[in-house]
Amino acid sequence: MIAAFVSGAIVRLKNVATFFAPFFAIATFWFVNAWVLTSSNDFILSTKIGVLLQIGEKPFLVLLITALIGGLVAGVAGIFGNQTHAILANDNR
């Protein structure tokens, strides 16, 4: 969230790019990071988490859900950073 907020505050994006740029960046990062961590133990933990979430023994789906949640949080933080920059820029004028 901090990285998405800061990048949203520094880099001025417009329209839907304000949400989707941090969304795809962090979702990709989370997916790759989760893949690396879970592949080292042959997807045992992610399979068990899939059973707990009642989505079956599908570790790939658990990784997608992880990436989606991380991406949504990053997208909202990017919008918040962009809006914070806009508010602070208007106060200085």
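Coordinate-derived values only; no laboratory data. All values reported here derive from a predicted model rather than from experimental measurement. Please note: Cβ atoms are built from the backbone with ideal geometry, for glycine as well, and neighbour counts cover all protein chains shown.
Among the residues of the range 38-86, those identified as closer than 21 Å to ILE26 by Cα and hydroxyl-bearing (Ser, Thr, Tyr) are THR38, SER39, SER46, THR66, THR84. Just the residues that are more than 17 Å from ALA74 (Cβ to Cβ), of a type in the set (Gly, Ala, Ser) and surrounded by 13 or more Cβ atoms within 10 Å (Cβ to Cβ), please, taken from the range 21-56. Scanning the range 21-56 gives SER46, GLY50.
Regarding the range 4-20, can at least one residue be identified that is touching a Leu at 6+ places or on another chain (Cβ under 8 Å) and surrounded by 19 or more Cβ atoms within 10 Å (Cβ to Cβ)? No; the residues of the range 4-20 include none that is touching a Leu at 6+ places or on another chain (Cβ under 8 Å) and surrounded by 19 or more Cβ atoms within 10 Å (Cβ to Cβ). PHE60: surrounded by fewer than 16 Cβ atoms within 10 Å (Cβ to Cβ) and either touching a Ser or Thr at 6+ places or on another chain (Cβ under 9 Å) or not in a helix (DSSP H, G or I) (or both), yes or no? Answer is yes for this residue. For the range 8-57, a tally of residues being out of contact with any Asp or Glu (no Cβ under 9 Å at 6 or more places or on another chain), of a type in the set (S, T, N, Q) and part of a helix (DSSP H, G or I) returns 6.
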